[in-house]
Amino acid sequence: MPSTLSNPLRLGLRQERVIPPQCLIIFGASGDLTHRKLIPALFELYLQRRIPSEFAIVGCARRPWSDQDFKEKMKAKLANQISENENEWEQFSNYLFYEPVDLQQSDHVVRLSKRLNEIDKLQATHGNKTFYLSVSPNFYGSGCKALKAAGLLDDPKKSRIVIEKPFGRDYSSAKKLNQIVQSCADESQIYRIDHYLGKETVQNILVMRFANTIFEPIWNRNYISSVQITSSETVGVEDRAGYYESSGALRDMLQNHLTQMLAVTAMEPPGKFEPEAIRNEKAKVLQASKLADENEPWNCCIRGQYAKGGNSQKRLKGYRDEDGVNLNSTTETYIATKVFIDNWRWQGVPFYLRTGKRLPKRLGEIVLTFKDVPVHLFESTIINPAPNQLILRIQPNEGATFKFEVKSPGSGMKSRPVEMEFSYDESFGEPSDEGYVRLLADAMLSDPTLFTRSDEVEAAWKLYTPLIELMEDAPWKLPIQKYESMTWGPPESDQLLSKDNIFWRRP
Amino acid sequence: MKPQLTLQTPLELPHQEISNYLNQLWISEDEERSGANTFTLMVWQPAWLEQCLVKSGLISGPITGTLSPEIIKIAKKLIIDKGLSHTTSIYSEELLILLKENLSNNDFEDFRGQFFESSISTLNPRRLITLAPTLNKESEIKTFVSAYCPLSENTITQPICGDLVVIRGDSSSINQKGLKIIDKLSIKDLPTWLWWNGNLDESQEIFNYFTDQGIRLIIDTANGSPKRCLRILDQSIKSNKAINDLNWVRLKSWRESLAMIFDPPSRRPILDHISDIDIDIAEGNFLQALLLISWISDKLKWVFSKIDKHGELIKIEFKRNNGDKISTCINPVPLGNPSIHLGQVIGLRLISKISEVPKNNTCVILGCESVECMRLEAGGMADMQLIEQVVPNAFSSSEFDVSKLLGSSRGNTSPLFENSIKVAVQIFNSFNK
Ligand SMILES: NC(=O)c1ccc[n+]([C@@H]2O[C@H](COP(=O)([O-])OP(=O)(O)OC[C@H]3O[C@@H](n4cnc5c(N)ncnc54)[C@H](OP(=O)(O)O)[C@@H]3O)[C@@H](O)[C@H]2O)c1
């Protein structure tokens, strides 16, 4: 399926904001994220002609590469993307530099600072710098301190730091990390990444809600009976067991991506479309969010772990049998929970969130279920009239569906459900996978709208604190339920909803 | 957006003292309050219509240089009352000639250069220089200066300040003395823009003086003869100078609406079978339509083959790389209403013939929101698949369009515009051979 970009009349039409001259410094330049996401995104920006000529990308990591090594490694890793644009890559690679740096050695950072001055002169980047911390979270704090000590963060208008996820392991560590980071730089210089916010379809929730008159009046407790937010993966832990064992589904997905979707879905309209106005509203709604039963959180949460499964052609290992996973691991690969939002708009409306690995489909969606009509005037062709639902599909098959009842053809007056459909594909072609493209550009443009502010991160951790404490202090109260690979999680997760007479939507 | 007035009444100074005065202004203050590190904007601001209306007592002064709704209303009414053709633009020479018949000799307060829209002031221009030619012949050069700090909503940040200079006098004294004054006012390292807010056929020496300097230009090709305008566009891109055209900017919603129609992948094949395009315009200037056709043909990689003029109609033919012929036509239509800008596009019809079976073919119709555009729909295309779209009218003021350009441009000509100019010049030249 072609994308909007292949519409010849659209070429060059979008007036993109111009990225100002600057130097982008990537720590962790030899790592996985750099060659899988960051350099491809930067190359894409280059192909879109959004990179200014006064620009530099300086890769940093401990290994003693030269500029040339860095260029060659990136070229080799990106071979597929480059093959159609060899010449452009050659031009682009003129921006690439490399400096060996161990973030824990202050003299390395001082040396880096000197090198950056040289590169600044060479590339005429006006002293503008964006630092990207694509290293282990253990180095976020010390990395910022080292940059601060070398004077690299002194000018709040000319330097920014981008910090990858995860930001902290729980409320107190996130708070501490915020304190460290904020002691090194102004909050306006700090860009905490949540790549879900870079997705076109997540941003579209804001546009759908606030650019149309028909949704906002019914977007509340008077009309909505419940909300489900799902993000599921078919893959297992793959080669990231080391990381995943210490993280699990709550920290890897629920606290950040699902909670950001919750915030965007439930926030109040901001007074203006301005970064702080939007982040204020997101922070407020997260601060108002509570687990459905904070005192006995085991009543509102199900944890699961995938067991073996698959079919005779393809057998799938259980989580505990995966490479690098502890045989008795109690890391959850599935989590489902129920949340309330304590404000006027959402009082009493349950929000159900679930995420897991090795589920039958890869998908992200938000389902708003509307209340029943007060009187059923018509008999339904199925047992009961289905409630109206608005389904916002984040991925794949991006778009939205509205389910409502119509008259079933023929004599009589029976009703049946039908669907009204907006498909991103059909309207615009395939959405480009531009999460990192968008976010990198925004950070370099000093636009923080799609980045999470300190209070948002802290509120998101605080929301799950009762669960995290329970998992640490009395894990037996929140046991890990096994589920067969490629099923929709442990059967107990259905009970979480059936208590309320609701079912998970089967996508 | 409300015009913003300078905080300080501009000070009249002999022109020899201006640059000294301005230098003092920024040095004597504490270091924090240095001037904005942005750009210089020069505006050629004849405001002939407003000057005539004020001097003939049809509106009360002062002269501001802004095209207010009141001016538009009165000028439109005059066009009709005086029996001019209904399509006459309020910028037209005919209207001015009529107005100049009975002007008073009184002097009126002239605030040109002191009023500027907040959309421009929020960009914090470092220096605003207004060239304000007067109707009165033989008026000597007068110069005024003032500092300004736009009031920002964000009270925490230090206001970023700029200064403004007004150079007033008749055209010939501006040409002889005014330009020398400007020479001394350039700020090194900051880009300079010239907004030519007047007809491109007049005061050509002054205009040429600026183009020779390599200043970034903002012009409006609806206001000038197509020949002169295309020459300016052509020369700018040949000499690699940044040029922006408000007439092209106003085409934005047409480009966007047409592109939007072909966003659904299922509609892309229509583009490969286009056989006809008809563009309806308001009478008086075909350049905007020519730019629109040039843009489409450039994007779809058509090659220009010939142009013919049949009365008012302009027919342009292109070829696709498979040899297929595409006929396009620019059709000036009389409007019931005087316009602000001449020759604006009001409708577009595009026919794509995929097969001999009519219902497999497509007719795309874009029309502006006003009533005149409905005529394209009367073409008996009922047996084709019809896609219709209403193009919203551009209501923004020139000041607002200029501020958009200042805020977003890298200081080069947009590649889209540049390519369209190349095609338009090629078509126009072959017409005039
Ligand atoms: N990969 C993903 O898909 C993904 C997704 C979301 C978030 N993230 C986050 O992104 C960050 C990077 O992930 P990754 O997968 O790219 O990790 P990775 O592959 O393990 O790479 C880590 C990088 O850090 C460098 N490094 C290690 N110690 C260092 C030190 N003391 N000083 C300077 N550099 C040092 C390593 O290079 P040397 O050994 O040469 O020093 C390597 O380049 C992590 O915070 C992760 O949580 C990753």
>> If I take R0 = 60 Å and measure r between the Cβ atoms of A:Asn311 and B:Lys315 in this structure, what FRET efficiency does the formula 1/(1 + (r/R0)^6) give, to the nearest 0.05?
In response: 0.35
>> Helix A:435-444 against the longest principal axis of chain A: what's the angle in degrees, Cα atoms only, rounded to the nearest 10?
In response: 50
>> Could you work out the relative contact order of chain B? I mean the mean sequence separation of Cα pairs under 8 Å and 6+ apart, divided by the number of residues, in percent.
In response: 17
> For B:Thr143, what charge total do you get from the other residues with a beta carbon under 12 Å from its beta carbon, if Lys and Arg give +1 and Asp and Glu give -1?
Replying inline: +2
> Can you give the extra length, in nm with one decimal, that the chain gains between B:Glu418 and B:Val303 once fully stretched, where that is 0.36 nm per residue apart less the Cα-Cα distance?
Replying inline: 39.8 nm
> If you keep only loop residues by DSSP, which trypsin sites (Lys or Arg not before Pro) in segment B:231-281 have at most 12 other Cβ atoms within 10 Å of their Cβ?
Replying inline: none
> If each residue's Cβ is checked for other Cβ atoms within 10 Å, how do B:Met260, A:Met253 rank with the fewest at the top?
Replying inline: B:Met260, A:Met253
> Mind checking the dipole of segment B:285-339: about its Cα centre, +1 per Lys or Arg Cβ, -1 per Asp or Glu Cβ, Debye to the nearest 20?
Replying inline: 220
> Net charge near A:Gly310, counting Lys/Arg +1 and Asp/Glu -1 over other residues with Cβ under 13 Å of its Cβ?
Replying inline: +3
> Hey, with R₀ at 60 Å, roughly what FRET efficiency would A:Asp107 and A:Arg416 work out to, going by the Cβ-Cβ distance, to 0.05?
Replying inline: 0.25
> Which residue, B:Gly311, B:Gly347, B:Gly198, tops the fluctuation ranking in a GNM of chain B built on C-alpha contacts under 10 Å?
Replying inline: B:Gly311
> Relative contact order, percent, of segment A:332-428 when contacts are C-alpha pairs under 8 Å separated by at least 6 residues?
Replying inline: 20
> Given R₀ = 56 Å, FRET efficiency for A:Phe404-B:Lys73 by Cβ-Cβ distance, to 0.05?
Replying inline: 0.70
> Mind checking the dipole of the protein assembly as shown: about its Cα centre, +1 per Lys or Arg Cβ, -1 per Asp or Glu Cβ, Debye to the nearest 20?
Replying inline: 1560
> Looking at segment B:163-201, which trypsin sites (Lys or Arg not before Pro) are in a loop (DSSP not H, G, I, E or B) and have at most 10 other Cβ atoms within 10 Å?
Replying inline: B:Lys188
> Taking the Cα centre of the protein assembly as shown as the origin and placing charges on Cβ (Lys, Arg +1; Asp, Glu -1), which of A:Leu206, A:Thr355, B:Pro358 is farthest toward the positive end of the dipole?
Replying inline: A:Thr355
> Using alpha-carbon pairs under 8 Å, 6+ residues apart, how would you state the relative contact order of segment A:114-248 in percent?
Replying inline: 19
>> Quick check: the angle from helix A:67-77's long axis to the longest principal axis of chain A, C-alpha only, nearest 10 degrees?
In response: 30
> Are any of the pairs A:Lys361/A:Lys482; A:Lys284/A:Lys338; A:Lys176/A:Lys199; B:Lys241/B:Lys309 more than 23 Å apart by Cα-Cα distance, and if so, which?
Replying inline: A:Lys176/A:Lys199; B:Lys241/B:Lys309
> Using only helices, what value at 222 nm comes out for the protein assembly as shown when you add -39,500 (n - 2.57) per DSSP H run of length 4 or more and divide by the total residues, to the nearest 500 deg cm²/dmol?
Replying inline: -9000 deg cm²/dmol
> Using alpha carbons only, how many degrees (0 to 90, rounded to 10) separate the axis of helix A:200-210 from the longest principal axis of chain A?
Replying inline: 60
>> Going by Cα centres, segment A:282-306 and segment A:356-423 are how many Å apart?
In response: 27
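Laboratory data are not the source of any read-out in this text; all were calculated from the coordinates shown. Small disclaimer: the values here were computed from a predicted structure and weren't measured. FYI the Cβ positions are ideal-geometry reconstructions off the backbone, even for glycines, and counts take in every protein chain you see.
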